[in-house]
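Enquirer: Quick one: the structure is below, and I'll ask about it shortly.
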Amino acid sequence: MAAGLSLFELVGTLAVAYTAWTVSTWIYNVYFHPLAKFPGPRMAAMTAHWKMWRYLVAKDHIPKMFEVHAQYGNIVRLHFSDPDAYNEIYHPSRRWLKDERLYGSLVNGMSTWNFLDYSSAKKRREILLSHFSRKSIIELQHLVQDRMDILCDAISRQYEAGKSSDFYHAFKCFSLDTITSVCFAKPVNATDAPDFKAPIVMAMDESLNTLQVFVFFKLARTLAAYMPSSLLVVMNKALQGYVDFRNVLSKQIKEILADPSMLSSAPHPIIYHSLLDYKDKNAAATNMGFDDLNEEAFVLVFAGSDTTSNTATTGVIHAIENRRVYNALKEELMTAWPVLEERPRYEQLEKLPYLTAVVKESLRMSHGIVTPPIRVVPYEGTTISGRAIPAGTVVGMSACMVHWSESVFPNARTFQPERWLGSAAKELDTYLVAFSKGPRACVGINLGYCELYLAIANIFRRFDMELDGVSTADLTWIDFYIPLHTGPDMRVFAKPVSS
Ligand code: HEM
């Protein structure tokens, strides 16, 4: 061996060097790092593996964060628990970088969600905010109602066959069909699948698993980005539906790029009208080729499906179980929507106080995104919750800390729409953060609200319902960026009403 070292000695020397480096890093992190003065579990201070363990192995990230905040206080390793800290971190004036580990693009293209800096994201956000403006959504609401009619017909058929319906997957199909209809005029018709177990819906849950691993293993992420999709399917068969779906999106984009005039035959405005027609062609963020369009389309589908369906499932299951809520909601809907055959209008439903309270409470209880949306403190440093935070620190706060704060929402883990009624309720709006806040808040909020109002109103007006062997205690989830449902199918006997 060179320099007279045997293989055994070489391996031994490397192992000693690695151990010495690791231990000295731990000591530095715990005693000398600029963040060492902030409290938290020693393991979390020593190594990032603590967080990885919580996410990938123990799968208890959010309950653990509540536990450590109870033990160490409001600031734990730069995660915050004081509800007011949320509006400080995600304040409109704080245009901080998103952290690359969570948001970095996996592929060549860039989506609105992936841009780390606000100035790059701004142009793209403007396009989407205008495409999904309140005015546009009011004009396109018939597409949402169409998908709801299809869903209600499918639920009625289940009842006629003597079966309950799995509302968790039913709402997933509805939201996926809606987003693909509104964005591309190409609904994937997931709702047609037997018992709502559409392959694409099942594959999307499966792919979240993989994406979670990518957050912690950059090398895996890079390799996957260059891996042919056929190989991905060989490695995990459940991803077939996901790969097929991406191919459908890519095919449509290629066709439009080859012949943009085909956009004029689309039945309604789709996102490519907006994304390809933006006037400011000099801005890098808006010079969109295939890769960017492909990524934007894909992210819109992910961003706009599970978020909406989780909220609808949470609200509907709670409101069926709690008969006081159920009766109050039905009564209000019967008065506001007396003729069953007439289609409801989103602008009218929005004015109903009890339905509005149910929508807000559903958003509060389902959180939107549960992972802390992490941001990097800029070079001048900042102050959060009265503490000076140095430049470069990665800070974040899970929406759960706000929504489940007993000081803001007494009996926070209980579904109580009434908390949103009355004069004092207005102040609570500040603490409803399911769509996040600030410069990187949700761009699909108008569509999200429109879907929730129409979905909840249709389901409660058109069916008499009972839970089938499940309860709200089965609405369990783990932090997979979104709250990923881990409980059983949420089955409901839904009997269509005749008038
Ligand atoms: C109930 C429904 C929805 C909820 C609760 C929700 C929630 C959120 C949240 C919390 C964020 C911030 C995420 C982060 O910073 O990591 C976000 C961002 C985003 N949402 Fe939504 N969303 C919903 C529906 C939609 C829909 C329907 C669309 C598409 C039309 C959409 C598109 C987006 C996009 C593109 C972003 C990224 C914005 C940026 O980074 O600048 N969302 N959403």
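The values are calculated or read from the model by the stated rules, or taken from the named source; none is laboratory data. The structure displayed is predicted, hence computed values, not measured ones. Backbone-built Cβ (ideal geometry, glycine too); neighbour counts: all protein chains shown. Surface accessibility is based on the protein's heavy atoms, side chains included, excluding ligands, DNA and RNA. Shrake-Rupley method; radii C 1.70, N 1.55, O 1.52, S 1.80 Å.
Enquirer: Using a 1.4 angstrom probe, figure out how much accessible area segment 337-425 has per residue, in square angstrom, rounded to the nearest whole.
Expert: Result: 40 Å² per residue.
Enquirer: Mean separation of Cα pairs under 8 Å and 6+ residues apart, divided by the residue count of the chain: what relative contact order is that in percent?
Expert: Reported relative contact order: 23 percent.
Enquirer: From the protein chains alone at 1.4 Å, what is the descending order of accessible area for 481, 55, largest first?
Expert: Final ranking, largest accessible area leading: 481, 55.
Enquirer: Oh, and also: How much area per residue is accessible in segment 65-188 when the probe is 1.4 Å and only protein heavy atoms are counted (Å²)?
Expert: 37 Å²
Enquirer: Efficiency by 1/(1 + (r/R0)^6): what FRET value for residue 379 and residue 473, r their Cβ-Cβ distance, R0 = 35 Å, to the nearest 0.05?
Expert: 0.15
Enquirer: Rank these residues by their accessible area, most exposed first, probe 1.4 Å: 242, 159, 272.
Expert: 159, 242, 272
Enquirer: Go ahead and estimate [θ] at 222 nm for the chain from helices alone: -39,500 (n - 2.57) per DSSP H run with n ≥ 4, summed, over the residue count, rounded to 500.
Expert: The helix contribution divided over the chain gives -16500 deg cm²/dmol.
Enquirer: Something else: To check you understand DSSP bridge types, tell me what percent of the beta bridges within segment 78-496 (both residues inside) are antiparallel, rounded to 5.
Expert: Taking every DSSP beta bridge within segment 78-496, about 95 percent pair in antiparallel fashion.
Enquirer: So how exposed is residue 468, as accessible area in Å² (1.4 Å probe, rounded to 10)?
Expert: Solvent-accessible area, nearest 10 Å²: 50 Å².
Enquirer: With every protein chain left in place and a probe of 1.4 Å, what is the accessible surface of residue 485, to the nearest 10 Å²?
Expert: My reading of the accessible area for residue 485 is about 30 Å².
Enquirer: Does segment 41-191 come out rounded, prolate or oblate, given a ≥ b ≥ c as the square roots of the eigenvalues of its C-alpha gyration tensor, rounded meaning a/c under 1.5 and, failing that, prolate meaning a/b above b/c?
Expert: oblate
Enquirer: For a Förster distance of 51 Å, can you work out the FRET efficiency between the beta-carbons of residue 16 and residue 66, rounded to the nearest 0.05?
Expert: 0.80
Enquirer: Okay, next question. Could you please put 134, 124, 101 in sequence from largest to smallest accessible area, using a 1.4 Å probe?
Expert: Sorted descending by solvent-accessible area, the residues read 101, 134, 124.
Enquirer: In segment 117-271, what percent of the accessible surface is made up of carbon and sulfur (1.4 Å probe, ligands and nucleic acids excluded)?
Expert: Of all accessible area on segment 117-271, carbon and sulfur atoms account for 60 percent.
Enquirer: If you don't mind, another one. Given points 7 Å out from each Cα along the Cα-Cβ axis, report the residue 160 to residue 220 separation in nanometres with one decimal.
Expert: It works out to 4.6 nm between the two label points.
Enquirer: Separate question: Within the chain, what is the longest stretch that has no GluC sites (Glu not before Pro) placed in a DSSP loop and near at most 12 other beta-carbon atoms within 10 Å?
Expert: That would be 1-340.
Enquirer: Give me the percent relative contact order of segment 217-356, please, defined on Cα pairs under 8 angstrom at least 6 residues apart.
Expert: Over segment 217-356, the number comes to 14 percent.
Enquirer: Considering only protein heavy atoms, what is the solvent-accessible area of residue 150 at a probe of 1.4 Å, reported in Å² to the nearest 10?
Expert: Taking all protein chains as shown, residue 150 has close to 60 Å².
Enquirer: Something else about it: State which helices in the chain qualify, where a helix is a whole DSSP H run, it must extend 18 Å or more along its own axis by its Cα atoms, and its mean Kyte-Doolittle hydropathy must be at least -0.5.
Expert: Once both thresholds are applied, what remains is 7-27, 134-160, 167-184, 199-216, 240-258, 290-321, 353-366, 445-462.
Enquirer: Once the Cβ-Cβ distance between residue 24 and residue 335 is put in as r, and R0 is 51 Å, what FRET efficiency do you end up with, to the nearest 0.05?
Expert: Efficiency, rounded to the nearest 0.05: 0.15.
Enquirer: Follow-up. With the crude spin-label approximation of a point 7 Å out along Cα→Cβ, what separation in nm comes out for residue 429 versus residue 229?
Expert: Here the answer is 4.2 nm between the modelled labels.
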